[in-house]
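> Please see the structure below; I have some questions.
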């Protein structure tokens with residue numbers, strides 16, 4: 001399934017205070033594309049015009065459980081519009097778990113339970129009447145390992161719009177060219193759009209996955225260690241691409257590369273893990289969240305300074 005449109009969620013307990021459906025009615029914008037087939041769940045609204053001071057996400061008291069194990073606790077942060085936010089921290093501290101909460105990917109894990117409040121443009125993202133398929137269209141995801149479909153380059157990018165109801169060939173051609181251009185890939189592949197995506201290099205495949213995600217015109221792009229499997233040249237291209245894309249999209253990236261976080265992000269959240277001495281289990285916590293230049297030059301918490309200076313992690 002397409003990263004941005006794959007859906008499905010387990011049965012959940014109805015939440016109190018779900019938003020009124022009239023509040024959730026979408027407002028047409030120039031970025032509107034056809035919606036997926038109606039599932040009966042309430043759509044979520046299109047975002048207001050870009051305002052760099054506005055919050056895309058407001059996260060409060062977020063706890064994530066896998067069965068009885070609490071993997072993440074008490075996360076509170078705000079993610080700003082049209083900025084790049086980096087999640088850093090040692091392995092097992094909950095960075096990816098929190099990232100996956102932002103587009104309800106954790107719904108696909110039967111044992112996972114998410115408590116707390118995640119607001120997307122003020123809307124209760126975890127509300128029982130919110131369609132997770134529509135959430136994943138608005139909030140796309142690029143994974144650690146490039147995962148192109150075993151289809152042509154063209155069909156990879158056109159897949160999401162086709163699922164969304166776009167049938168006109170000229171319209172699809174325009175979407176494919178626009179997405180590949182934004183992903184800095186058009187000039188490299190425009191003469192071989194009908195060839196298999198499996199024959200592309202790793203860096204090209206990752207940019208193709210980014211193009212596939214933005215082809216459905218999301219509001220947010222989540223990236224889970226998108227450069228970890230790439231060489232330095234391909235990594236630099238992805239980093240340059242992120243800087244270009246943030247004028248149109250809000251980007252949240254998980255990275256183990258602190259230099260990458262310092263280079264590309266506007267804000268950085270540092271997570272670490274608390275060890276339970278009785279069970280040796282580890283629960284992720286958010287230690288500090290601030291402007292990236294401050295996080296790397298004058299952090300407020302000693303644990304942050306120890307991590308960014310390489311004293312642990």
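No value in this document is a laboratory result; all are computed from the given coordinates. If you're wondering where the values come from, they're calculated on a predicted model, not measured in any experiment. Cβ placement follows ideal geometry from the backbone for every residue including glycine, while neighbour counts extend to all protein chains displayed.
> At 0.36 nm per residue, and after removing the present C-alpha to C-alpha distance, how many nm does the segment from residue 128 to residue 309 gain when stretched out fully? Could you put the intermediate results ahead of the total?
Numbers: separation 181, 0.36 × 181 = 65.16 nm, distance 4.27 nm.
Fully extending the segment from residue 128 to residue 309 adds 60.9 nm.
> Further question: Under the classification rounded if a/c is under 1.5, otherwise prolate if a/b is larger than b/c and oblate if not, where does segment 223-298 fall, given a ≥ b ≥ c as square roots of the Cα gyration tensor eigenvalues?
Prolate is the answer for segment 223-298, as a/c is 1.5 or above and a/b outweighs b/c.
> Here's another thing I want to ask about it. Using Cα centres only, tell me the gap between segment 254-294 and segment 55-120 in whole Å.
12
> Once you keep just the Cα pairs under 8 angstrom separated by 6 or more residues, what percentage relative contact order results for segment 57-308?
This gives 28 percent for segment 57-308.
> Using a Förster radius of 25 Å, what is the FRET efficiency between residue 181 and residue 231 based on their Cβ-Cβ separation? Nearest 0.05, please. Intermediate results must be reported in sequence, preceding the final value.
Values: r = 23 Å, r/R0 = 0.93.
After rounding to 0.05, the efficiency reads 0.60.
> Mind giving me the nanometre distance, one decimal, between the label points for residue 259 and residue 151, set 7 Å out from Cα along Cα→Cβ?
So the label points at residue 259 and residue 151 sit 3.8 nm apart.
> Subtract the Cα-Cα distance of residue 58 and residue 291 from 0.36 nm times their separation in residues, and report this length gain in nm to one decimal.
82.2 nm
> By DSSP, what percent of the beta bridges with both residues in segment 57-308 are antiparallel, rounded to the nearest 5?
Given both bridge residues lie in segment 57-308, the antiparallel proportion sits at roughly 60 percent.
> Given axes a ≥ b ≥ c from the Cα gyration tensor, I'd like to know whether segment 57-308 is rounded (a/c under 1.5), prolate (a/b larger than b/c) or oblate.
It comes out prolate by the Cα gyration axes.
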